[in-house]
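One structure is given here, and the rest of the page talks about it.
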Amino acid sequence: SPDAPDGRMFQASTLLIALLVALAIGGFGTLYFGRMRLRQDEADAGVRALSAMRWREFSHFVLDAMRHRGYDVLTPDDEAERGQQTEFLLKKDDERVLLSCKHGSAYRLTKQSITELVAAMKFQGARSGLLVTPGSIESDARKPAELSRIELIDGQALWPEIAPLLPQSLSEDV
């Protein structure tokens, strides 16, 4: 029949187009997910680097990140330099904010962490707080933090803020 070759040709061209579309989607998917994976691996390595820092070094990078967010640091430099300071008084838009840093990737922000920061906020006259750790956040801490005007920042959220502030040599290592 004279139609058969045209029908097979139509099927072959349709199959070829479908194959090319599948390859294109697969290629783009591989690139996209590969980049996402690369970013996640970099963030994981960055969090490990933050956790490996000395306490003083870590707290200075966190303070620098908060300055980039527009906070003024009210805690005197000599207190911050002592190295054991875990809470820093900040100010933004005429509001006092208490920053608490919990160092170490094993640290987990819990409901108890929120309770402790709320008490410290009252003592310092802060209306809101920031609780920062390279570790993680327990699910039971999120609601009390929100109700108490406390922003929780774990390692995955902290890394993108600190990464641009690191010295070139440390960034290359990560």
Q | Matching residues in the stretch 98-122 - criterion: being open to solvent by less than 20 Å² (accessible area, probe 1.4 Å) and under 18 Å from His60 (Cβ atoms) | A | Leu98, Leu99, Ser100, Cys101, Gly104
Q.
So the check is Cβ under 6 Å with 6+ separation or different chains; which pairs have a first residue in the stretch 139-161 that's more than 24 Å from Gly125 (Cβ to Cβ) and a second one that's open to solvent by less than 50 Å² (accessible area, probe 1.4 Å) and among the small types (Gly, Ala, Ser)?
A. Asp154/Ser136; Gln156/Ala43; Trp159/Ala43; Trp159/Gly46; Glu161/Ala65
Q | Those residues of the stretch 135-152 which are among the hydrophobic types (A, V, I, L, M, F, W, C) and open to solvent by less than 70 Å² (accessible area, probe 1.4 Å), in sequence order | A | Ile137, Ala141, Ala145, Ile150, Leu152
Q. Just wondering, is there one or more residues in the stretch 85-94 that are modelled with pLDDT under 90 and more than 21 Å from the chain's Cα centre (by Cα)?
A. yes
**Q.** Leading residue by the ranking (modelled with the lowest pLDDT) among those in the stretch 145-162 that are β-branched (Val, Ile, Thr) and more than 8 Å from the chain's Cα centre (by Cα)
**A.** Ile162
Q.
Taking the conditions exactly as written (more than 17 Å from Ile153 (Cα to Cα) and at pLDDT 75 or above), does Ala4 satisfy them or not?
A. no
Q. Is there a residue in the stretch 87-96 that is aromatic (Phe, Trp, Tyr) and open to solvent by 10 Å² or more (accessible area, probe 1.4 Å)?
A. no
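The values are calculated or read from the model by the stated rules, or taken from the named source; none is laboratory data. If you're wondering where the values come from, they're calculated on a predicted model, not measured in any experiment. Here Cβ is always computed from backbone atoms with ideal geometry, including for glycine, and neighbour counts include all displayed protein chains. To get the accessible areas, we keep the full protein, side chains included, count just its heavy atoms, and leave off ligands, DNA and RNA. Shrake-Rupley method; radii C 1.70, N 1.55, O 1.52, S 1.80 Å.
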